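Below is one structure. I have some questions about it.
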């Protein structure tokens, strides 16, 4: 390379190109749309296309949408259900994923690789199809539902027996399928964390008189808290904003926030309301994240 | 495995009997029998993969012997898990719990002891005093220097006052100055508490200064047990002579053996050498070994006629307190010789320099003979 | 010291059963003769025949592939640039904003990304007259935007872990910055770039929510087609389609695992031989 092109590259051009291109793209297609959503949440609906308008006079914006958001039981309920479902799914993922991650670290090297592959493999297949697979299992005619129903009926008194358990279109189904879909997100960071732990710490604790479960309680569990938090966030965040799972297997009477946003935007054509709910959802995600960052930064500062 | 070792006695505090540990077809420890008395500071010395760490881990209870038995204070350790043994270990990596303070680390093992809270706190304070770390009790391990961490690990492993303390390369991670200081500190603490210490190390200097007795291990087998001077001055094999310190070694044949000593001839040296050891007969093939510092070097021809070799200085290195010479003999063989720089002299006044003709004298008592290696 | 624990082993077995029973059940019923998707009516491969002769499915799959190939490639280029910028250029104006912009899409719920992208395209159409019709271009733009940040995260972490002195050595030997980038940095991080591309490709291929907001009439991707069918209930032809996808993915993952294992083993052997040769 010689001549002016190389000279241009060697000065600042190549640097500006590398920084500028992704920057411009993200500002244009990510930041700007989000600003539009925020602005939209202060508008009002109008019978025109696009269906919104701002006030003709100062201050042009209005807070009526947010007022409705915080007073209407529909939105508050959706918020509570979302937090509840996401929290329960995160907890169940942790209860199932932690022993799995621990089991993987205890396996031999080649078995470890196989087990991780088995945990990740469903993630690479289609998300929709994983939800779909559960729709097949949960229907009242399926072998799975029949088996569960039979098991249930053998344990309860005759008066409580059921012809088939209602699984589809319940909150239970939403949580179950979320656990199923997001389990790898819990197992992988936990595995990465547990794998890094120094095995001699366990030996040292045992040498000092601790039995296996005490070693787990005193050493492994406290040292894996970063992994638990990382896995928890990776499950909780997408679960909060989940749209597909509640609309396919959930109960329309107990909507999660994602579904409310879609309904306001689609059926109701209330774009300002959809935007306001979206802003609220984002706040519910950003606040715990910021707290986490804050405490992590504090812990980091303490460590050095 | 006979030198310096007698049959197990009643006073034997630790008795290891015919212990073997196999990993698949590999024998990490091969039929080791060993006794250690109460209050001893015993070192297991050997290169990496010699089985010393595996032996230590079997004492701690982290590995189960494939064959053989281990007794500690008369009690058979078979089936006793690590957490029930009267044994504590100081790990090579120290294995300090990163989420606990220094005091919590030291007190961790006491949770399982039958003590009151006050007694526990007293013990922790006492241990921290012992290693001079009382002022750092509330620090976390990552806020300590390497030497401080090492002392926390020591205090933690001593806190339960075990009958036996195992130390895995206790000084391995420290720099040279700190090592020398810490060696004496460990020996001091051992003396004060009277606890039996077993140290695993690959560093012969560390083993020599710390231990009262040393077992030299190689390929899962104990090659020699004895005091530091025993092992250095009277190695029982070519392997030990070469592993501990350094030695010039040449192949030789016994030419004369009578009351005056044994005379050997080595084609590498070209002159017959008289050796003050016995047990060989004429015609035996042997290895003649002598340590570099046990050879005297001079530019003048020495008065004694025996055991004198002539050579030229091929190379030399100046180390301050002493110098190492590489002397080339007329046969072409090169010997290493140490000379202490006892006088403060300018370089040109040193014992010898390049291309100088020098005379080497090997005292009959300093030369060692080894038969064919088994 | 590895310990065996029956508790851990049973949870692992339960977890794997939990992950695979639904998929295996779905695959099993794809060979069902009956129209009723979950009641066994005998063995048949008819649904596979119907699947491969269904031009709607084929067209949707091809559209998905075209979007995924294009968006993954552009996302990899942009994402790598952002990774380089954040990992190698310590100081530039707006660095904090850029690092925020590459993490935000990762936590942004898809619904919000979808709606905000749609609003942007509507506003742009209002003000600029473009895009007049939503479809291939708008879907691709939206996919690039949210998948490029995954590439950035992967590339950035690889660059941070990389030994800086290698690049300094190249510069010391006379390479100019862009030559260092071309000759040293990019070849070394190429595995990270490749896995970033694969992830972007998979995400694009799998996306429903953002696509459903940014698409226009006539542009139905495969996930959207499945979505519209699944809403109507379980049907055997979707079982067949799912089986095909699962088998293709499993083969792909298995092949890459074998390649990775071989590379690892070769490296280990090389290192051991090098050590042996040194002795």
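Which condition number does residue C:22 fail, the rest of (1) surrounded by fewer than 20 Cβ atoms within 10 Å (Cβ to Cβ); (2) under 21 Å from residue A:181 (Cβ atoms); (3) without any contact (Cβ under 8 Å) to a residue 40 or more places away in the chain being met?
Failed condition: (1).
Can you name every residue in region B:153-205 that is assigned to a loop (DSSP other than H, G, I, E, B), out of contact with any helix residue (DSSP H, G or I) (no Cβ under 7 Å at 6 or more places or on another chain) and farther than 21 Å from residue B:72 by Cα?
Within region B:153-205, B:169, B:172, B:175, B:202, B:203 qualify.
Taking the residues in region B:112-135 that are part of a helix (DSSP H, G or I) and farther than 20 Å from residue B:192 by Cα as candidates, determine which candidate is nearest to the other protein chains (Cβ to nearest Cβ).
Across region B:112-135, the extreme among qualifying residues is B:112.
Return the residues of region B:206-222 that are part of a helix (DSSP H, G or I) and crowded, with 23+ Cβ neighbours inside 10 Å; say none if nothing qualifies.
Within region B:206-222, B:207, B:210 meet the criteria.
Do we have residue A:54 as at pLDDT 80 or above, surrounded by 15 or more Cβ atoms within 10 Å (Cβ to Cβ) and more than 7 Å from every other protein chain (Cβ to nearest Cβ) here?
no
Then there is this: Show me the helices (runs of 4 or more DSSP H) found entirely inside region C:109-225 where at least 2 residues are farther than 20 Å from residue A:244 by Cβ.
The helices (runs of 4 or more DSSP H) meeting that bar are C:110-128, C:136-161, C:164-172, C:177-180, C:186-206.
Search region A:244-263 for residues being in contact with a helix residue (DSSP H, G or I) (Cβ under 7 Å, 6 or more places away or on another chain), surrounded by fewer than 24 Cβ atoms within 10 Å (Cβ to Cβ) and free of Cβ contacts under 8 Å to residues at least 24 places away in the same chain, and hand back the single one that is nearest to the other protein chains (Cβ to nearest Cβ).
In this case the residue turns out to be A:262.
Check C:243, C:235, C:215 and return the single one that is more than 12 Å from every other protein chain (Cβ to nearest Cβ) and over 16 Å from the mean Cα position of the chain (by Cα).
C:215
Let me ask something else. Go through region A:158-205 residue by residue and tally those that are in contact (Cβ under 8 Å) with a residue 24 or more places away in the chain and over 26 Å from residue A:252 (Cα atoms).
13
Right, another one. For region A:271-289, give me each residue that is surrounded by fewer than 22 Cβ atoms within 10 Å (Cβ to Cβ) and either out of contact with any helix residue (DSSP H, G or I) (no Cβ under 7 Å at 6 or more places or on another chain) or within 7 Å of chain C (Cβ to nearest Cβ) (or both).
A:282, A:283, A:285, A:286, A:287, A:288, A:289
Is it the case that some residue within region C:69-83 is loosely packed, with under 14 Cβ neighbours inside 10 Å, touching a helix residue (DSSP H, G or I) at 6+ places or on another chain (Cβ under 8 Å) and free of Cβ contacts under 8 Å to residues at least 24 places away in the same chain?
no
Additional query: If a residue has to be within 9 Å of chain A (Cβ to nearest Cβ) and touching a residue at least 24 places away in the same chain (Cβ under 8 Å) to count, how many in region C:119-152 make the cut?
The number of residues fulfilling the criteria is 9.
Out of region C:26-76, which residues are within 13 Å of another protein chain (Cβ to nearest Cβ) and in a helix (DSSP H, G or I)?
C:26, C:27, C:28, C:29, C:60, C:61, C:64, C:68, C:71, C:74, C:75, C:76
Also, I was wondering about something else. Take the conditions away from every other protein chain (no Cβ under 11 Å) and closer than 18 Å to residue C:111 by Cβ and apply them to residue A:268. Does it pass?
In short, yes.
The values are calculated or read from the model by the stated rules, or taken from the named source; none is laboratory data. Small disclaimer: the values here were computed from a predicted structure and weren't measured. Heads up, the Cβs are rebuilt from the backbone with ideal geometry, glycines too, and the neighbour counts pull from every protein chain shown.
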